[in-house]
1. So which trypsin sites (Lys or Arg not before Pro) in segment 1-44 end up in coil per DSSP with only 12 or fewer other C-beta atoms within 10 Å?
2. Taking neighbour counts of Cβ atoms within 10 Å as a proxy for exposure, in what order, fewest first, do T109, T38, T191 appear?
3. Does a label point 7 Å from the Cα of D59, set along Cα-to-beta-carbon, have any residues of segment 1-40 with amide nitrogen under 20 Å, and which are they?
4. Picking from A215, S172, F74, whose Cα lies most toward the positive end of the charge dipole for the chain (charges on Cβ: Lys, Arg +1; Asp, Glu -1)?
5. Can you give the log10 of the normalised intensity I(q)/I(0) at q = 0.18 Å⁻¹, computed with Debye over equal Cα scatterers of the chain?
6. Counting Lys and Arg as +1 and Asp and Glu as -1, what is the net charge of the other residues whose Cβ lies under 13 Å from the Cβ of K217?
7. Please report, in debye to the nearest 20, how large the charge dipole of the chain is about its Cα centre when each Lys and Arg carries +1 at its beta carbon and each Asp and Glu carries -1 there.
8. DSSP loop (so not H, G, I, E, B), at most 15 other Cβ within 10 Å: list which GluC sites (Glu not before Pro) in segment 29-113 pass both filters.
Amino acid sequence: MDKYLKIKKAFEKNQDIQKAIQMSEYMRNLFAFYGLQTPERRALYKDFLKNEKKHSKIDWAFLDKCYEDEHREFQYLVIDYLAAMKKNLSYEDVPEILKYIKAKQWWDTIDGFHRIIGDIGLKDSRIDDLMLKWSKDKDFWVRRIAIDHQLLRKEKINKELLSKIILNNLDSDEFFINKAIGWSLRDFSKTNPRWVRDFIKKHKDKMDKLSVKEASKYL
């Protein structure tokens, strides 16, 4: 049976209509759901991903079909698939990933994709220049990925890059951008509080109050 159809059949068999309604409402009714919570959903394709990891080639045709499905669980599957296959992802794959980033946008998938892009960046420094470019993109979701792609890197964070990307977005009145700025600084404050404290002090007049609040949480 086709991989996509096999997983779809498993999703349908285990769907929970009541939870699906609740999950859709939580996402402002932007997407349909099967009502599968994360642990349950991942359990349904755990063996599938384990088998896929044996191959070195990304099945983009399969991922395209999954991302086109109206149910949000399939977009989550695409992110989990790419995370599982991160060793096989390269800079050349970014255009394919960007295609998903640009479709069916909301914070849940965007925050999954910034980890995917970040992992590629750890292997290929060309991502640095690309993230600077993305930090000025007209699509604020793309800018959010640029801001957050270094999350959890700790001492591996490129401070100069982080600073440039944030400075490119200090004039934004978009909630999801200002939240991301705060998160990225808050995360780095756990590793280098002095740097974050100095950054806030230097740019506080231009920073949104939300960004300052989030960034200062652990200072």
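Values in this text are rule-based calculations from the coordinates and carry no lab data. All values reported here derive from a predicted model rather than from experimental measurement. Don't worry about glycine lacking a Cβ; one is built from the backbone with ideal geometry, like all the others, and counts go over all protein chains shown.
1. R28
2. Ordered by Cβ neighbours within 10 Å, fewest first: T38, T191, T109.
3. 1-14
4. Sorting the options by dipole projection puts first A215.
5. Here the Debye-derived log intensity ratios amount to -1.26.
6. In short, +3.
7. Roughly 780 debye, rounded to the nearest 20.
8. Passing sites in segment 29-113 are E70.
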